[in-house]
Amino acid sequence: MDPQTFSHSDSRAVETSTAAIYDQYVLKNYAAAPLALTKGEGSYVWDEKGQRYLDFTSGIAVCTLGHCHPAWVEVITQQARELIHVSNLYRNQNQAFLAKKLVERIGPGRMFFCNSGTEANEMLLKLSRLHGVKQSGEEGKRYKVITAENSFHGRTFGGMSVTPQEKIQSGFRPLLPGCLTAKINDLESFEKVIDETTAAVLIEPIQGEGGITPCTMEFLVGLRDLCNRKGALLLLDEVQSGIGRTGEFLASQSSGIIPDGIAMAKGLGGGFPIGAVWIREDSADLFQPGSHGSTFGGTPLSCAAALAVLDVFDKESVLENVKINGSYMIEVLEKLSHEYPEKIKDIRGRGFMIGIQMRSDPTPVVDALREIGLLVPAAGGNVVRLLPPLIASRKEIDEAITLIRTVLKNLELK
Ligand SMILES: Cc1ncc(COP(=O)(O)O)c(C=O)c1O
């Protein structure tokens with residue numbers, strides 16, 4: 001951008017025509033709602049007309065500390081003044097500290113940093129190939145990856161290949177070979193597909209985009225056992241369910257299983273882009289210098305943002321907040337579902353990752369909620385998702401419930 005021709009005040013002057021500029025210049029790959037957000041603070045955001053919204057989208061499970069948490073802003077501001085980027089040709093302290101902190105929270109292993117969830121999953125797919133070569137002694141023999149129906153793992157070619165949804169894959173085939181599917185929470189169906197050509201099983205502990213469908217603990221334990229017996233890796237996609245979203249650091253932790261690799265992103269940077277992969281100790285050496293990399297992965301600035309998130313988690317007991325207020329919110333929503341059984345089919349999820357499954361298309365509900373001041377995303381399977389920032393208070397949750405109740409009461413649903 002040429003500073004001679006563009007300044008921040010110019011951008012303010014044309015604010016009112018944001019929609020028109022979008023229409024003319026921004027690719028039409030998103031069906032964005034008709035509002036432009038300009039400011040955020042805690043659990044609230046404001047649009048360019050000054051309208052305030054309670055934000056239970058959280059940037060789709062990204063803004064863990066809400067918007068512009070003062071301690072987080074302070075850390076990234078300070079870091080931006082000191083050192084932003086150096087590349088991975090050199091080491092940087094923040095990457096080292098963040099890797100150590102994550103390994104301490106997850107278990108013995110090693111970390112790799114990238115920039116997004118889909119990149120983290122790409123890394124896991126590459127891990128599965130290296131594992132297959134190690135097991136079978138040659139390339140192309142053991143390379144298949146099994147994932148669950150309705151899962152979502154990203155938009156790159158690897159990500160799409162393991163995302164068995166027509167709307168994601170359509171128009172982009174041929175995709176990666178050897179990506180198979182089985183049914184979530186149905187061990188037998190995984191057992192049927194897995195064989196000596198399978199390198200890995202990749203699974204979301206709670207499906208997010210698919211409609212907030214949790215894996216049962218028994219299923220995860222069973223998958224671990226199945227993968228052990230068949231010599232395949234068990235890889236977890238905790239991109240949406242991880243980083244405190246369920247009240248545990250990772251959603252899979254209460255199952256007690258130890259996977260071989262974990263993809264993380266979204267909430268880790270609290271709004272600053274960062275992805276991370278944890279690889280269990282015994283598989284970590286499969287990657288050697290040159291076998292993977294990322295120019296922007298693990299910069300001093302992105303790692304500072306993630307370190308600030310983890311610091312606030314401890315100082316402000318954020319995960320306890322999610323556990324207590326998440327259970328409360330689910331309890332109240334369940335009561336609400338009994339009041340409107342003709343509209344609500346099911347309430348699902350854990351912590352601050354909750355799905356209200358409607359009996360019809362959730363779009364009118366999402367639109368009506370936005371109009372009265374609550375931002376929430378939809379998900380597959382007619383689900384309205386609630387993804388509050390992890391610092392959301394009881395008062396804010398009650399406010400959201402009141403708005404949801406209002407919409408359920410007044411909206412005619414077909
Ligand atoms: C479970 C899961 N995996 C991967 C992704 C892709 O992450 P990103 O959009 O950061 O590439 C998402 C995004 O919604 C996700 O929910």
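Among the candidates 168, 184, the residue that is among the hydrophobic types (A, V, I, L, M, F, W, C), without any contact (Cβ under 8 Å) to a residue 40 or more places away in the chain and under 23 Å from residue 29 (Cα atoms) is uniquely 168.
Residue 317 falls short of the stated requirement of being hydroxyl-bearing (Ser, Thr, Tyr) and in contact (Cβ under 8 Å) with a residue 40 or more places away in the chain. Mind checking which residues of segment 345-374 are surrounded by 22 or more Cβ atoms within 10 Å (Cβ to Cβ) and in contact (Cβ under 8 Å) with a residue 40 or more places away in the chain? 349, 350, 351, 352, 353, 354, 355, 356, 358, 365, 374 - these are the residues of segment 345-374 that are surrounded by 22 or more Cβ atoms within 10 Å (Cβ to Cβ) and in contact (Cβ under 8 Å) with a residue 40 or more places away in the chain. In summary, residue 77 fulfils each of the numbered conditions (1) within 16 Å of the ligand (Cβ to nearest atom); (2) within 18 Å of residue 307 (Cα to Cα) with the single exception of condition (1).
Here the strands (runs of 3 or more DSSP E) wholly within segment 213-318 that include at least 1 residues being surrounded by 24 or more Cβ atoms within 10 Å (Cβ to Cβ) and in contact with a Pro (Cβ under 6 Å, 6 or more places away or on another chain) are 233-237.
Any residue that is assigned by TED's automatic domain parsing to the domain that holds residue 250, free of Cβ contacts under 8 Å to residues at least 60 places away in the same chain, on the phi < 0 side of the Ramachandran plot and away from the ligand (no atom under 16 Å from the Cβ) - is there at least one of those in segment 104-124? Checking segment 104-124: at least one residue is assigned by TED's automatic domain parsing to the domain that holds residue 250, free of Cβ contacts under 8 Å to residues at least 60 places away in the same chain, on the phi < 0 side of the Ramachandran plot and away from the ligand (no atom under 16 Å from the Cβ).
The values are calculated or read from the model by the stated rules, or taken from the named source; none is laboratory data. Keep in mind the model is a prediction, meaning the values are calculated, not measured. In this analysis, Cβ positions are derived from the backbone assuming ideal geometry, glycine residues included, and neighbour counts consider all displayed protein chains.
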